[in-house]
Amino acid sequence: MAECPLPLDALPKPLQKHADPKAPPPLRMMGAKGLVPAVAPGDLVTLLYVLSYDADEPIRTTAAATAEGLPDKMFGVALRAEGVDPQVLDWLADRFRSKDPALELILLNPQTSDETVARLAPVVSQPLADIIRQNELRLLRNDAIIRGLCQNPNALASSIDGACDFCVRNGLTLLDVPQLVEAHKRVHGEDPTPKPHEETAEGLIAEFQQDLLHDAGPVTGAETEEERARKLTITQRILKMSVSEKIKLATLGNKEARTILLRDANKLVCMAAATSPRITEGEILTLSNSRTTNADVLRYIYTNRDFLRSYGLKLALVKNPKVPLPTALRFLQTLQERDIKELARDRNVPHTVMAQAKALMMKREQAQKGRSEK
């Protein structure tokens, strides 16, 4: 029996006793049947996934059956829950293969891996194929998704043509996919032929591994002329890439690659860099502070609950004039007194934020004065 890819501590503490291999079988079976009180739907599906790897075959089959039989309300909440592991979502895709409403939520969940979407692309119904086609970032980020759509007998020809035209316009033409070859002819008026001079993410990474693949350690001295020239060459070559290759580089590359691509004019490229699995909290904070950050990237940051656990990030968003005022003012209410005082005097922040900070300080001072008089 294969070992579960998720560690036991992926579950909340109270649920671990139901999945621990050392726990008594009746306790594990209780978890497999979903008979755990006051459990959040997202945690329940994770528990069932872990138990699907149990050494006891009846527990494994019961966990899978429980997942497949989850009522609509339960899986509707579970598949929208933040923090559900991509491996769990992939497992649920198989459990819910006959439930389009559940598969729709899986396809719409940003946590779902590209590999899961690619696996579903050739077999889903026509409405779900349309949903896959609409996620343009995924189409360019993972070749297997457009390949799968082109093989799907349920997908509308117009939907496949639209997806292929979009991919071709953004530099993705796969010579072994007839629909993409035809799209290339439609868009460019010529047969696609390999162009050896065109930059690819894989080729550039292979040539500049140290600069684009591995994150550098701390800077030990001034940058040499040779290093500056090499970085300039890399930047120039990245700028010549097609959108699809930039997106691949944003996903595979290191901080240096992401820094270049976050400044790209195409919002899909910027979003690919911002949502890279390799991006760090420090990079997200830098983006929150920057007044040149793409508006879509900023929206992704200030609507992400995981990021908003950082106090420093909320403070940066309040100061950033590109953040919508209602959002900035909402975060202002959560700041500490010393930072609100600073904002009340800071002429570099939006006038409304400064005025609101002053009003908030006056309100707090009056409340404090009222308490002291009592």
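The values are calculated or read from the model by the stated rules, or taken from the named source; none is laboratory data. Every value quoted in this text rests on a predicted model; they were computed, and no experiment measured them. Cβ sites come from the backbone with ideal geometry, for glycine too, and all protein chains shown count toward neighbours.
Note on segment 129-215: enclosed helices (runs of 4 or more DSSP H) holding 2 or more residues that are over 30 Å from Thr233 (Cα atoms) and not polar (S, T, N, Q) are 143-151, 157-169, 178-188. Among the residues of segment 31-42, count how many are surrounded by fewer than 18 Cβ atoms within 10 Å (Cβ to Cβ), within 23 Å of Asp56 (Cα to Cα) and hydrophobic (A, V, I, L, M, F, W, C). Qualifying residue count for the region: 2.
Okay, residues lined up against (1) more than 15 Å from Val353 (Cα to Cα); (2) of a type outside the set (D, E, K, R); (3) out of contact with any Ser or Thr (no Cβ under 9 Å at 6 or more places or on another chain):
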| residue | (1), (2), (3) |
| --- | --- |
| Ser290 | yes, yes, yes |
| Tyr300 | yes, yes, no |
| Pro324 | no, yes, yes |
| Leu329 | no, yes, no |
| Leu332 | no, yes, yes |
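Among the candidates Arg258, Arg305, the residue that is farther than 24 Å from Glu82 by Cα and among the charged types (D, E, K, R) is uniquely Arg258. Of all residues in segment 114-128, those being in a loop (DSSP other than H, G, I, E, B) and surrounded by 17 or more Cβ atoms within 10 Å (Cβ to Cβ) number 3. All of Glu104, Glu190 fail the test of being surrounded by fewer than 20 Cβ atoms within 10 Å (Cβ to Cβ) and not assigned by TED's automatic domain parsing to the domain that holds Glu68, apart from Glu190. Residues of segment 182-195 that are within 15 Å of Phe166 (Cβ to Cβ) and in contact with a Leu (Cβ under 7 Å, 6 or more places away or on another chain): none at all. The single condition from (1) out of contact with any Ser or Thr (no Cβ under 7 Å at 6 or more places or on another chain); (2) part of a helix (DSSP H, G or I); (3) surrounded by fewer than 20 Cβ atoms within 10 Å (Cβ to Cβ); (4) not aliphatic (A, V, I, L, M) that Arg60 fails is (1). Quick one: which of Leu140, Leu213, Leu180 is of a type outside the set (Lys, Arg), surrounded by 19 or more Cβ atoms within 10 Å (Cβ to Cβ), touching a residue at least 40 places away in the same chain (Cβ under 8 Å) and under 27 Å from Met271 (Cα atoms)? Of Leu140, Leu213, Leu180, the one residue that is of a type outside the set (Lys, Arg), surrounded by 19 or more Cβ atoms within 10 Å (Cβ to Cβ), touching a residue at least 40 places away in the same chain (Cβ under 8 Å) and under 27 Å from Met271 (Cα atoms) is Leu140. Of Met29, Met74, all but one fail to be at pLDDT below 95, in contact with a Pro (Cβ under 8 Å, 6 or more places away or on another chain) and more than 26 Å from Pro122 (Cα to Cα); the exception is Met74.
Take the conditions (1) assigned to a helix (DSSP H, G or I); (2) surrounded by fewer than 22 Cβ atoms within 10 Å (Cβ to Cβ); (3) touching a residue at least 24 places away in the same chain (Cβ under 8 Å); Glu82 misses just one of them, which is (1). Among the residues making up segment 261-270, those that are surrounded by fewer than 21 Cβ atoms within 10 Å (Cβ to Cβ) and either β-branched (Val, Ile, Thr) or under 16 Å from the mean Cα position of the chain (by Cα) (or both) are Lys267, Leu268. Only residues that are of a type outside the set (Phe, Trp, Tyr) and under 20 Å from Val36 (Cβ atoms) were counted across segment 83-106, and they come to 6.
Scanning segment 219-262 for residues that are farther than 18 Å from Arg278 by Cβ and not in a helix (DSSP H, G or I) yields Val219, Thr220, Gly221, Ala222, Glu223, Thr224, Lys240, Met241, Ser242. Among the candidates Val45, Val77, the residue that is crowded, with 19+ Cβ neighbours inside 10 Å, of a type outside the set (Gly, Ala, Ser) and under 25 Å from the mean Cα position of the chain (by Cα) is uniquely Val45.
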